[in-house]
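Worksheet: one structure, shown below.
Since every read-out is calculated from the coordinates, none of them should be taken as a lab result. This structure is a prediction, so every number in the text was calculated from the model and none was measured. All Cβ positions, glycine included, derive from the backbone under ideal geometry; neighbour counts span all protein chains shown.
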Amino acid sequence: MHYPHRISRIKKVRSVGFRARMKTRKGRAILNRKRRVGRAIRVR
């Protein structure tokens, strides 16, 4: 079976991973918002 738009894991992690979020002020705000809701932050 062929999957269209199969992005590599490395590319995905670099764009939406924990460290990518921590780089920017807005990204840190996203993480803090998720923490406030009570969601566990997954680090990959």
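Within the set (1) 13.0, 40; (2) 20.2, 67; (3) 12.4, 38, the number that Rg and Dmax of the Cα atoms in Å takes when calculated for this structure is listed as (1).
Taking the Cα centre of the chain as reference, the dipole from Cβ charges on Lys and Arg (+1) and Asp and Glu (-1) amounts to some 220 debye. Ordering V43, M22, S8 by Cα displacement along the dipole of the chain toward the positive end leaves M22 in first place; charges were set at the Cβ atoms of Lys, Arg (+1) and Asp, Glu (-1).
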